[in-house]
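> First, the structure itself, so that you have it in front of you.
The values are calculated or read from the model by the stated rules, or taken from the named source; none is laboratory data. Values in this document were obtained by computation on a predicted structure and should not be read as measured data. Here the Cβ positions follow ideal geometry from the backbone for every residue, glycine too, while neighbour counts run over all protein chains shown.
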Amino acid sequence: MFQVSNAEIISSSVSTPLQEWLEARGFQFNPFTILEASADPRLQRYLIGHEAFSAVWGNWPAFAFAPAGGGKTALRAWVFQACWVGQETNRPFPIPYSVPYLQWEYALPSIDDHLNALLLEGARYLLLALAHRPHWFLRLDDNSRRLVRTVLEWNLPGPLNFFLEPLRESRSLHLLRADFPPAFLPPQVPEEAELIAFLNVLEETEGTNIVPGVLERWDGLIEVLHEVLSLPATYILLDGLDAVWETSSDPQMAVEYLSPLLPLARSWAARRIYLKAFLPAETRPILEKRAPSAFQSIQSVLLEWNPALLAEVVRRRVYVASNGAYGSLEPLATPNLRDIETILARQISPLPREMLVLTHDVLATCAQRGPEARITSEDVKTALHKYEDSRPEFAKI
Amino acid sequence: MELSTPIGSQAFELLNAENESWLADCFIPPSEMGALVGDRSVLVFGQPGSGKTALARALRERYAFTNDRLTWLVVDWRPRLLPVASPSTTSLTHHHVASVLEACGLALAEYLAHHVEAYLQIPDWAKKRLVWFLQHSASEISDVFGPLLEEVPPEGRTLLDQLLVEPIKDPPHAQAPDWMLSELVKGLKPFGLEGIWVLCDGLKSWAQADPERLNHNLTVILSTLSLFERSGLAFKMFLPAELENPLRRSGGVARRRLDVRHLNWNKQNLWQLVEIRLSLALRKDEFHLADLCNAPGWVKWLEWVGGNVPREWLDQVQPVYRYYIENRLERPVDEKTWRRLRRERPPRFWMDEHGRKATVGGREIDLGELSSDVYKMLRYLYQHSNELVTREELHFLVQRELGFIPRLGDRLYESPKDYGGALDTRIYRLRQAIEPDPAEPVLVRTLRGYGIKLVCRW
């Protein structure tokens, strides 16, 4: 009764008209289904240029503000991937840090809470980095290796062996990579032999069972990154401040959660640790008022979009998903729909996520008429009507 | 036709997905089905009888499988609601996340108890994660797992008894719940499972009893984004339609971490749904609506009364089907009989005074267009559902709002001849508004010489 397929194009085991429509046009996947940037493994393939990047990328602390759906996570992923260009340690080390609300029980976090959570993420991303670039570790002397192992043991959320076992058994990185958001994975995995060599040497290296206090562990992590591995800087990529009801409904509370980190930004910068915070737009006026000196010393940028940029977001995705067969949706539409992407972009609040939703709705509407249907003005009208029903309050024009 | 369970005369009696063991045999997927499976979290809204529970069951019993192999571990979860005035939303979040973990632990335990051989063959790293999750999924292990241990096969019980207390070498020490869930998903992979579906259904009674509490609790849960960003973990929640607007404010919906779907059935699906059930019940390869009843207005009536609600279609077919089998008919039920049957079992009727609307069967009727006189009359009849209401009551108590019925000779008395015409006009307008077939009313009944009665089946 149901078509079951394992094709990459579909995210479910039940085929839908849109999947058939895309397949009929040679699309390799639906580029409009993943609405959360961190979950998109292909994100960097279709990121488009945005001037906000230059404000965030560099050796300084930075705040990037945007409303929900405004591209904060995508920008953060872009910075992350920019750190991973090349094979060497000449780029900053990125630590994506999503505020771990569920890790903290019933109170606002202290500096130590943030540092503990950062150490945990730092160690996880350090293990991920070394597993992808074993030569960073293998070329170290014994003492340096011991330092690395020690920092991992101090800060990982369990014994090192707990994390190495699956790698050793599977002889690949896929189980480790599954622990991280797809957009925050280093490109290129090592050869199996290199991975095994890394695992063997890491296991042979002695660590320590004595776990010091949080500040010492923090110093240890930074020493390993900057001195032992010779990475030029560390970027702390903070996001997810509005990831629970308490903070999404009250930006004041969101700032409360962030505030322990603010006084650290300047002293961190002196140690080449740069806080890059990707924050909800509503927190900006509160931060300006609450911490004026911190705010002034930190470069800030508002992530803004216009119809031309949003149209480009769609075109780029179409190009990548169709393997270069189409540069826009125009060839898939009736002739009267010239520059369909801009037409759509003008109908919505200037937010990339909303642009993806509307485009998806247009294609899904068109696909209802069969795999060969062309996008019509009527499809756009119907999709807009449907989109209105789902438009979030903050995306109302 | 092979049935997993014989349904016979039961086919149209229960109309309650929880209790229809044969449901899988006659399930028709709605057009949204493709969007409900897979690893996206989704909220499905539907009015009563729209098939939410049937859909939840279909996900569990059919769509969680690929080629007969379980692909998704299905976890039944129902939030334990705390009062709106809870200590803080943070504690509320932790409370609900803890209950999700507990439900996942139970589902895992049940799965392992039925897959002992497979468990023994998975790698040690996966065993370690599953055992660790089991032991940390609930604060009171014996309370949570005790009842389950009584129900599982002996070899499963032996395994669980062992796993629940087994020391773990090199266990992880961080226990952030979202991290635990990721480790659980990883541990399930060697079984060939893609991940976990957390199914949530059956909140209707809360929606009726304390909608504010339900909204608040669900809003908090649905705003906890990290629950909906985990690869291999998807929530499938089936919710009463009236919750849709308030829940749109939640962070997860507004930020598109969860999809929102409405259960919409088209006429074709509904026909199919009824006919496949008739075929199964009567053990025929094909059986059409016209084979059951050939009255000229029958299909139009079904479409009007059933609206887009499967249960109401089935409800209207029920008396005809029952008559058909009880009388061992070999030809369709005739028009005269059908008209009698529909009078005996009119569509269900509800009135929502707050929203100024009514529901007749599966059709919602906007009462905003009714004149205030007619609306007042309907409200009075509804308050006296299934009771005989005299014409005097309708005129003196409802229309003139006197508070009593004057007698002949009283100053306020009026003769029925003076108000009868206007009253009849109001009754006519009411029937035009709510009756499926105003020419032959089944809801607003006249008992000649006595008065009228609003027949309500709830």
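> With the condition kept exactly as written, say whether any residue in segment A:255-273 is assigned to a helix (DSSP H, G or I) and within 14 Å of chain B (Cβ to nearest Cβ).
yes
> Can you name every residue in segment B:64-83 that is in a loop (DSSP other than H, G, I, E, B) and over 13 Å from B:Ile221 (Cα atoms)?
B:Ala64, B:Asn67, B:Asp68, B:Thr71, B:Pro83
> Just the residues that are modelled with pLDDT of 95 or more and over 19 Å from A:Leu225 (Cα atoms), please, taken from segment A:262-285.
A:Ala277, A:Phe278, A:Leu279, A:Pro280, A:Ala281, A:Glu282, A:Thr283, A:Arg284, A:Pro285
> Let me ask you something else. Would you point out which residue out of B:Ser223, B:Ser205, B:Ser182 is of a type in the set (S, T, N, Q), farther than 20 Å from B:Ala138 by Cβ, within 8 Å of chain A (Cβ to nearest Cβ) and out of contact with any Cys (no Cβ under 6 Å at 6 or more places or on another chain)?
B:Ser223
> Among the residues of segment B:175-186, count how many are in contact (Cβ under 8 Å) with a residue 12 or more places away in the chain and farther than 19 Å from B:Gly38 by Cα.
Total satisfying the criteria: 5.
> Closer than 30 Å to B:Thr90 by Cβ and either at pLDDT 90 or above or more than 12 Å from every other protein chain (Cβ to nearest Cβ) (or both) - does that describe any residue in segment A:1-11?
No.
> Where the second residue is modelled with pLDDT of 90 or more and among the polar types (S, T, N, Q) and the first is within 18 Å of B:Glu212 (Cβ to Cβ) and lies in segment B:67-91, which pairs have Cβ atoms under 7 Å and are six or more apart or on separate chains?
Matching pairs, first to second residue: B:Pro79/B:Ser99; B:Pro79/B:Asn217; B:Arg80/B:Ser99; B:Leu81/B:Asn217; B:Leu82/B:Asn217.
> For B:His95, which of the numbered conditions (1) in a helix (DSSP H, G or I); (2) away from every other protein chain (no Cβ under 13 Å); (3) in contact with a Leu (Cβ under 8 Å, 6 or more places away or on another chain) fails to hold?
Only one criterion is unmet by B:His95, namely (2).
> Would you call B:Phe228 at the interface with chain A (Cβ under 10 Å from one of its Cβ atoms) and either more than 21 Å from the chain's Cα centre (by Cα) or modelled with pLDDT of 90 or more (or both)?
Here the answer is yes, as B:Phe228 does meet what is asked.
> Within segment A:161-207, can you find the residues that are crowded, with 16+ Cβ neighbours inside 10 Å, of a type outside the set (Gly, Ala, Ser) and assigned to a loop (DSSP other than H, G, I, E, B)?
Within segment A:161-207, A:Leu173, A:Asp179, A:Phe180, A:Pro181, A:Leu185, A:Pro186, A:Val189, A:Pro190, A:Thr205 qualify.
> How many of the residues in segment A:351-381 are without any contact (Cβ under 8 Å) to a residue 60 or more places away in the chain and either more than 14 Å from every other protein chain (Cβ to nearest Cβ) or surrounded by fewer than 17 Cβ atoms within 10 Å (Cβ to Cβ) (or both)?
10
> Can you find even one residue in segment A:133-142 that is more than 18 Å from A:Thr89 (Cα to Cα) and either at pLDDT below 95 or away from every other protein chain (no Cβ under 11 Å) (or both)?
yes
> Among the listed residues A:Leu238, A:Leu229, identify the single one that is buried (at least 18 other Cβ atoms within 10 Å of the Cβ), under 25 Å from the mean Cα position of the chain (by Cα) and within 18 Å of A:Ala269 (Cβ to Cβ).
Going through A:Leu238, A:Leu229 in turn, the sole match is A:Leu238.
> Let me ask another. For A:Pro96, which of the numbered conditions (1) surrounded by fewer than 23 Cβ atoms within 10 Å (Cβ to Cβ); (2) outside any loop (DSSP other than H, G, I, E, B) fails to hold?
So the condition that A:Pro96 fails would be (1).
> Go through B:Ser279, B:Ser250 for me and flag whichever is closer than 30 Å to A:Ser248 by Cβ and of a type in the set (S, T, N, Q).
Selected residue: B:Ser250, the only one of B:Ser279, B:Ser250 that is closer than 30 Å to A:Ser248 by Cβ and of a type in the set (S, T, N, Q).
> Continuing with this model, one more query. If the Cβ limit is 6 Å and pairs must be 6+ apart or interchain, which residue in segment B:337-350 that is surrounded by fewer than 18 Cβ atoms within 10 Å (Cβ to Cβ) pairs with which residue that is in a loop (DSSP other than H, G, I, E, B)?
As it stands, the answer is B:Arg343/B:Val442, since those pairs meet every condition given.
> Which residue is nearest to the other protein chains (Cβ to nearest Cβ), if the candidates are limited to segment B:188-202 and must be crowded, with 21+ Cβ neighbours inside 10 Å and of a type in the set (A, V, I, L, M)?
Out of the qualifying residues, it is B:Leu188.
> Let me ask something else about it. May I ask you to list the residues in segment A:30-55 that are outside any loop (DSSP other than H, G, I, E, B), more than 16 Å from A:Tyr319 (Cα to Cα) and under 12 Å from the mean Cα position of the chain (by Cα)?
Listed by number, the residues that qualify are A:Ala37, A:Ser38, A:Ala39.
> Could you identify the single residue in B:Gly46, B:Gly51, B:Gly38 that is out of contact with any His (no Cβ under 6 Å at 6 or more places or on another chain) and within 12 Å of chain A (Cβ to nearest Cβ)?
The conditions single out B:Gly38.
> Okay, next question. Residue by residue through segment B:162-179, note down the ones that are more than 9 Å from every other protein chain (Cβ to nearest Cβ) and in contact with a helix residue (DSSP H, G or I) (Cβ under 7 Å, 6 or more places away or on another chain).
B:Leu163, B:Leu164, B:Glu166, B:Ile168
> Name the residue that is nearest to A:Trp78 (Cα to Cα), counting only residues in segment A:242-257 that are crowded, with 24+ Cβ neighbours inside 10 Å and not small (Gly, Ala, Ser).
Just the residues of segment A:242-257 that are crowded, with 24+ Cβ neighbours inside 10 Å, to begin with: A:242-245, A:247-248, A:254.
If we keep only those that are not small (Gly, Ala, Ser) as well, we get A:242, A:244-245, A:247.
Working: A:Asp242: 20, A:Val244: 24, A:Trp245: 27, A:Thr247: 25 Å.
Once the filter is applied, the top-ranked residue is A:Asp242.
> In segment B:403-422, which residue that is of a type in the set (Ser, Thr, Tyr) and surrounded by 10 or more Cβ atoms within 10 Å (Cβ to Cβ) is modelled with the highest pLDDT?
Checked segment B:403-422; the qualifying residue modelled with the highest pLDDT is B:Tyr419.
Here's the yes/no breakdown for (1) out of contact with any Ser or Thr (no Cβ under 7 Å at 6 or more places or on another chain); (2) away from chain A (no Cβ under 14 Å); (3) closer than 28 Å to A:Val99 by Cα; (4) crowded, with 19+ Cβ neighbours inside 10 Å:
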site	(1), (2), (3), (4)
B:Leu108	yes, yes, no, yes
B:Pro123	yes, no, no, no
B:Gly146	yes, yes, no, no
B:Lys186	yes, no, yes, yes
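> Can I ask one more? Does B:Glu435 fit the bill of being surrounded by 12 or more Cβ atoms within 10 Å (Cβ to Cβ), at pLDDT 95 or above and among the acidic types (Asp, Glu)?
Working: surrounded by 12 or more Cβ atoms within 10 Å (Cβ to Cβ): yes; at pLDDT 95 or above: yes; among the acidic types (Asp, Glu): yes.
In short, yes.
> Can you pull out the residues in segment A:74-118 that are within 19 Å of A:Trp154 (Cα to Cα), of a type in the set (A, V, I, L, M) and within 14 Å of another protein chain (Cβ to nearest Cβ)?
Within segment A:74-118, A:Ala117, A:Leu118 meet the criteria.
> Provide a single number: the residues in segment B:239-262 that are among the aliphatic types (A, V, I, L, M) and more than 19 Å from the chain's Cα centre (by Cα). Walk me through how you get there before you give the answer.
Going residue by residue through segment B:239-262, those that are among the aliphatic types (A, V, I, L, M) are B:239, B:241, B:243, B:247, B:253-254, B:258, B:260.
Cutting the leftovers down to more than 19 Å from the chain's Cα centre (by Cα) gives us B:253-254, B:258.
Total satisfying the criteria: 3.
> A further question follows. Of all residues in segment B:265-286, which are under 22 Å from B:Val309 (Cβ atoms) and either free of Cβ contacts under 8 Å to residues at least 24 places away in the same chain or touching a Pro at 6+ places or on another chain (Cβ under 7 Å) (or both)?
The initial filter retains those residues of segment B:265-286 that are under 22 Å from B:Val309 (Cβ atoms), namely B:265-281.
B:Trp265, B:Gln268, B:Asn269, B:Leu270, B:Trp271, B:Leu273, B:Glu275, listed by residue number.
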